[in-house]
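Below is one structure, written out as structure tokens, with a few remarks after it.
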Amino acid sequence: MKTFQYGLKQGIKSIWQNRLFSLAAIGTIAICLFLLGLFYAIISNFEHMVYNAESSVGVTVFFDAGISQEQIDQIGREIRAYKTVDKVTYVSAEEAWKKFQKEMNAEGGELEDTFGEENPLKDSASYEVYLTDVSNQENIVRAIQDIDGVRKVNSSNTVADGLSSFNALIAYISATIILLLILVSVFLISSAVAAGIRVRKDEISIMQYIGATETFVKMPFIIEGIFIGMIGAVVPLVVFWFVYEKLIDFILTHFSALSQWLTFVGASEEFRVLIPMSLLVGVGIGFAGSAMSVRKHLVR
Amino acid sequence: MSKQETLIRLQDVTVRYSKGTEALREVSLSVEKGEFVFVVGCSGSGKSTFIKTLLGEVPVSSGNIIVSQKRLDKLKRKELPYYRRTLGVVFQEFRLLEDRNVYENVALAQRVIGVENERMKRNVSIMLEMVGLAQKSKAYPKELSGGEQQRVAIARAMVNRPGILLADEPTGNLDPENSWEIMGLLDEMNKLGTTVVVVTHNNEIVNRMQKRVITLNNGNLIKDEAQGGYVQ
Ligand SMILES: Nc1ncnc2c1ncn2[C@@H]1O[C@H](COP(=O)(O)OP(=O)(O)O)[C@@H](O)[C@H]1O
Ligand SMILES: [Mg+2]
């Protein structure tokens, strides 16, 4: 504990003594974590939108030919029994036929995708099933397919697929950029710590003569690195804190045409992940950088 | 005096540096508890190497060193700091931390071994009193004379109460008057029970103090006299 106190004091002092290096390291980490946070916000919001899109599409359930209304009601009860099923609406054959005709007139065809080989005749009554949790869609589809009297289940998620692959692309690009920036940050922190070690070479050798353990000697430098990492993490978090909701407001007002698709993750939910993630990465970078440097420059 | 106890023993110690220089050649000697020993010899004769091997800073190439019953070549990396706490060390260039005052310089030795605050304050004050710097505890090294700086270094070396005090040319940077003061202080430490080994060039002091003198020449121990002198 005393070792830690001493290390804390000396570590902070060292940051100040090498403020140029420290500032460069803090700046890079801040940029790195700012981008990390930005990409995270983009990805998480896109995912959020994808979820909404998927759940608004829903699943269509068709029945065996000549099935009785009683059996259809029974199937409806079984589907509703699933926890993740949000809403089930019945579309009678007549309604389906009307809708089909209307859409044919509007777009001039190509409804086979949704209906498969289905003819919009008297057997085309269906249930529209909406889920609360779209990640479970596949399981539910399989389960419904096994219910007696169900002929076919259509799940349409082309929109969602498109958004998902776009999301994956962003994730890959951001992962690459962030990885590079993390490497640069680690390098800069280790240089900052190395500068600190050089400045305090005399002090280190004196402490070693007096009988300081390796932990005692290393502690200030490790703390220096962790501190730099932490400050580097806090800066972008503060920026996000003030900007996030304003940015969403801005997008919503300037792209109101898309407002149906634009559903955003709330700030508090976003920060629940963003804060621990940034701090963890910042501290991790700080620790890795200083540990590397201490190992390299402090061998006797 | 209590019965004799060997604190430092060198057996055929040879120290070879990487470039092949033999700084010590098959040196054998022992120092009893409570002794005051001068180590003399011209420049490059191996005096500093002798101190460095005792500190565990330079490994022996052959032979072995036993300090307080411990063989230094068997010392593990992790044990080295704890071994060093049994030694106090003073250098020619004082090696004080310029950015810390007298009190903090001495206290550092106590911080390193984790002494709690109240005891540390007491120990440091007692030590500063002993070296005559109680009034200057807030001063920075720059504000002190060479002699005063060396006294701070002695206080730092002694504050943890090591059994052995090693000094490598402690008066090398001081005028005669200050040199005498520092030697007097080391003698005082010795009288309080510390075993003292002093490397020096100062023949006047060696000749006057009538202590044991070990003479090195070109890495060889050439003379070891109980009440010796030193002719340059
Ligand atoms: N780190 C070192 N590497 C190589 N040779 C060294 C090193 N330190 C000292 N020497 C050599 O060892 C010999 C003894 O040096 P030293 O012990 O410093 O002598 P003294 O302190 O008596 O002047 C000298 O020849 C010196 O050049
Ligand atoms: Mg020397």
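Just so it is clear, none of the values below were taken in a lab; they were calculated from the coordinates. Computed from a predicted model, the values in this text were never measured in an experiment. Virtual Cβ from ideal backbone geometry, glycine too; neighbours counted across all protein chains shown.
The table for this structure:
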read-out	value
Order by protection proxy (mean Cβ within 10 Å, highest first), peptides A:200-207, A:140-147, B:62-69	A:200-207, B:62-69, A:140-147
Helix-only CD estimate at 222 nm, as mean residue ellipticity for chain B, using -39500 (n - 2.57) per DSSP H run (n ≥ 4)	-9500 deg cm²/dmol
Proximal aspartates and glutamates relative to B:Lys121, as straight alpha-carbon distance under 16 Å, when same-chain residues fewer than 8 apart are discounted	B:Glu104, B:Glu129
Cα coordinate range in segment B:127-219, projected on the principal axes (Å, largest first)	42, 28, 24
Cα-based helix-to-principal-axis angle, A:93-107 vs chain A, degrees rounded to 10	70
Within straight-line cross-link reach of B:Lys78, lysines at Cα separation under 16 Å, skipping those fewer than 8 residues along the same chain	A:Lys218, B:Lys70
Farthest positive-ward along chain A dipole, Cα basis, beta-carbon charges - from A:Val217, A:Asn52, A:Ala125	A:Val217
Unit charges on C-beta of K, R, D, E only; dipole of the protein assembly as shown, Debye	3880
Excluding exposed DSSP-loop chymotrypsin sites (Phe, Trp or Tyr not before Pro) (at most 14 other C-beta within 10 Å), longest clean stretch of chain A	A:1-254
Calculated on alpha-carbon atoms, Rg and Dmax of segment B:9-117 in Å	15.9, 47
Cross-link partners of A:Lys83 among aspartates and glutamates (Cα-Cα below 15 Å; sequence separation of 8 or more within a chain)	A:Asp133, A:Glu138
Chain A, helix-only ellipticity at 222 nm - DSSP H runs n ≥ 4, -39,500 (n - 2.57), divided by all residues, nearest 500	-25500 deg cm²/dmol
Highest-fluctuation residue, A:Val186, A:Val283, A:Val217 considered, GNM on chain A with Cα pairs under 10 Å	A:Val217
Scattering profile of chain A at q = 0.13 Å⁻¹ [log10 I(q)/I(0), Debye over alpha-carbon scatterers]	-0.93
For the protein assembly as shown, alpha-carbon Rg over 2.2 N^0.38 Å	1.65
Derived scalar couplings ³J(HN,Hα) [segment B:21-30; Karplus, 6.51 cos²θ - 1.76 cosθ + 1.60; whole Hz; x for Gly, Pro]	5, 8, 7, 9, 10, 6, 7, 10, 6, 9
Lys, Arg +1 and Asp, Glu -1 on Cβ, resulting dipole of chain A about Cα centre, debye, nearest 20	2840
On Cα atoms only, tilt of A:267-297 relative to the major axis of chain A in degrees	40
Leading residue at positive end of dipole, chain A (Cβ point charges), from A:Gln5, A:Leu33, A:Met207	A:Met207
Fraction of beta bridges assigned by DSSP in the protein assembly as shown that are antiparallel (%, nearest 5)	65
Segment B:1-89: trypsin sites (Lys or Arg not before Pro) in DSSP loop, at most 11 other beta carbons within 10 Å	B:Lys3, B:Lys19, B:Lys76, B:Arg77, B:Lys78
Cα long-axis angle, helix B:146-158 against chain B (0 to 90 degrees, to the nearest 10)	80
Set B:Lys52/B:Lys74; A:Lys9/B:Lys76; B:Lys47/B:Lys74; A:Lys9/B:Lys136; A:Lys296/B:Lys19; B:Lys191/B:Lys223 screened for pairs whose C-alpha atoms are more than 27 Å apart	A:Lys9/B:Lys76
